[in-house]
Amino acid sequence: MLPDFAYTRPTSIKEAVKALSAANARVHAGGTDLLGCLRDEIFSVDILVSLGRLDSLRGIRQTADGGLRIGALTTIADVAENLLIQKHYTALAQAAGEVASPQLRNQGTIGGNLCQKPRCWYYRGEFHCLRKGGDMCYAADGQSQFHCLFGSGDICYIVHPSDTAPALIALGAKVRIAGKRRQKTVPVEKFFVLPEDDVQTETILAAEEIVTEIILPPPPANLKSRYRKVRARRSWDFALSGAALALQFDDSDVVRRARVVLSGVAPIPWRAPAVETVLTGQALTPAVIARAANAAVENAEPLAQNEYKVPLLRGMLKEELGAFG
Amino acid sequence: MADEHETNDRKGVTRRQFMTRVGVGAVAATVVGGPPAGRAEAAQVMRPGEMAKITLWINTRRHRLLVAPRWSLLYVIRERLGLTATKVGCERGECGACTVLVDDRPIYACMLLAVEAENKKITTLEGLMQGEQIGPVQDAFIQHDAFQCGYCTCGQIMAAEGLLRKNPRPADEAIPLAVSGNLCRCGAYPQIFKAVRAAADKRGDQ
């Protein structure tokens, strides 16, 4: 049985924001991450604010400019199965299809996938770690095989658990946020917070703010995108390492623009500008692919037990770049 | 035949029953197998431990019952309604033993609050029965010996049923993926895949 809490299900975004302004209130979207956190007592909650009645936050619609709007409550399964997303934003459909298990994809939402809590076993276990307001990180000298290679700031070594976020960043998506004032729109890339900026939070959301919508720009001509996730088993597992690649080619198969965002290797979805630089202006020859894969791991800082992620990431990128055709 | 089943659990009723429906009669008038469309009510707050009366549509029957906000759908299905085909496993969304269909899609009943399932169409394994007759997916599991200890079986069947409701003619590759959210520690997977294949083919023939 879960610990006790109050519960409300507002009928408008405005009401929801108001309800979230109460002390220790939390958003309930799909609930798959939230209920796990409550059961494990990672945090407590005084009142759950369910978004279940906000039907306007469901569904996928084309925008006037040819882009796409995905309501924050759209399930991961609906994102994975959407034909427009499969065709024009392939990396996102692939990433959504790789999330958790079929049941969790049917219940989990795209907004919730961006707002989920990390899976570090110290954070999820009975350890009062930095991220929970304690005074030390247990992964630094502890069991670190699933921890990060980049971006820890030597503070906290979580990896961001989302598959869809790297794909959204590679595709230049924005996130729409409702709060006390007017709605604001932020690039998904700017949505996440590094440990050095605030070790106790993963996103820029204030307590009363709600992700309402994801906005994808119109797909540029000759854009090809892919998402690859490497994990120990085909279902449930989070990425040991992964990559969202969005490459725009010219007519002679030269990469004009590249966006490469890694998953499973940093506390936030990790943009890899060094890889993008290697790829830009080049055709994907074996030599270019090898250089790009090497560039991805150049500044990796493995811990005692996650060094395997370095060759894994390099090899995975080689395979994925080789698969663009 | 769909009939109305009233379950009024009066144990633990506290001061006020927030979220209590106004106009229960209007709901009763539409009791034929499924939740009514388009309901809008003002937001109310259920306090911790407080019970609220909600409507759950399970296997085409309407249940009115009192629930606390923290109760999972799994708890309500088994402990309040006595529908015990849905099994308790990990209670953390990792094993699939509690799989039920919500609006024809498989979900883990342990990871869904009962209050969140209000007015959705819920199907448990009992709902696949046709009277005393077992349904085609259940039958295929028996014919293909698709279990050993049987604890995960109801969840496996519900995951398979969800697949076939969405995709009546699944490719072979779709079957392992469809039950990939359900653990079988006995390792009956080859038989499970065969059973789902057979159930799909039988449906296709009809």
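The values are calculated or read from the model by the stated rules, or taken from the named source; none is laboratory data. Keep in mind that this is a model prediction, so the values were computed, not measured. No Cβ is skipped: glycine too gets one built from the backbone with ideal geometry, and neighbour counts run over all protein chains shown. Ligands, DNA and RNA are excluded from the accessible area calculation, which covers all protein heavy atoms including side chains. Shrake-Rupley method; radii C 1.70, N 1.55, O 1.52, S 1.80 Å.
Considering segment A:187-229 alone, what residues qualify as being within 24 Å of A:SER241 (Cβ to Cβ), within 17 Å of the chain's Cα centre (by Cα) and open to solvent by 50 Å² or more (accessible area, probe 1.4 Å)? Of everything in segment A:187-229, those that are within 24 Å of A:SER241 (Cβ to Cβ), within 17 Å of the chain's Cα centre (by Cα) and open to solvent by 50 Å² or more (accessible area, probe 1.4 Å) turn out to be A:PRO187, A:GLU189, A:LYS190, A:ARG226, A:ARG228.
Which fully enclosed strands (runs of 3 or more DSSP E) of segment A:198-250 have 3 or more residues being closer than 30 Å to A:ARG182 by Cα and not acidic (Asp, Glu)? The qualifying strands (runs of 3 or more DSSP E) are A:210-216. Within the option set B:ILE122, B:ILE107, B:ILE134, being crowded, with 23+ Cβ neighbours inside 10 Å and without any contact (Cβ under 8 Å) to a residue 24 or more places away in the chain holds for one residue only, B:ILE107.
Scanning segment A:118-152 for residues that are assigned to a loop (DSSP other than H, G, I, E, B) and within 14 Å of another protein chain (Cβ to nearest Cβ) returns A:ARG119, A:GLY125. Within segment A:1-57, which residues are among the hydroxyl-bearing types (Ser, Thr, Tyr) and within 7 Å of chain B (Cβ to nearest Cβ)? Answer for segment A:1-57, where residues must be among the hydroxyl-bearing types (Ser, Thr, Tyr) and within 7 Å of chain B (Cβ to nearest Cβ): A:TYR7, A:THR8, A:THR11, A:THR32, A:SER50. The residue that is least open to solvent (accessible area, probe 1.4 Å), counting only those in segment A:81-117 that are within 11 Å of another protein chain (Cβ to nearest Cβ) and in a helix (DSSP H, G or I), is A:GLN103.
Pairs meeting the criteria (first residue in segment A:152-181 and touching a residue at least 24 places away in the same chain (Cβ under 8 Å), second residue assigned to a loop (DSSP other than H, G, I, E, B) and polar (S, T, N, Q), beta carbons under 6 Å, at least 6 apart or on different chains) are A:PRO161/A:GLN116; A:ARG176/A:GLN183. Scanning segment A:298-325 for residues that are open to solvent by less than 20 Å² (accessible area, probe 1.4 Å) and assigned to a helix (DSSP H, G or I) returns A:LYS309, A:LEU313, A:MET316, A:LEU317, A:GLU320, A:LEU321. Put simply, of A:GLY31, A:GLY71, A:GLY67 the only residue that is open to solvent by less than 60 Å² (accessible area, probe 1.4 Å), touching a residue at least 60 places away in the same chain (Cβ under 8 Å) and within 17 Å of A:THR8 (Cα to Cα) is A:GLY31. You will find that of A:ALA29, A:ALA64, the residue that is under 20 Å from A:ALA207 (Cβ atoms) and among the hydrophobic types (A, V, I, L, M, F, W, C) is A:ALA29 and no other. Of all residues in segment B:82-104, those that are open to solvent by less than 30 Å² (accessible area, probe 1.4 Å) and in a loop (DSSP other than H, G, I, E, B) total 7. Within segment B:164-179, is there a residue that is more than 21 Å from the chain's Cα centre (by Cα), within 14 Å of chain A (Cβ to nearest Cβ) and among the hydrophobic types (A, V, I, L, M, F, W, C)? Scanning segment B:164-179, I find at least one residue that is more than 21 Å from the chain's Cα centre (by Cα), within 14 Å of chain A (Cβ to nearest Cβ) and among the hydrophobic types (A, V, I, L, M, F, W, C), so the answer is yes.
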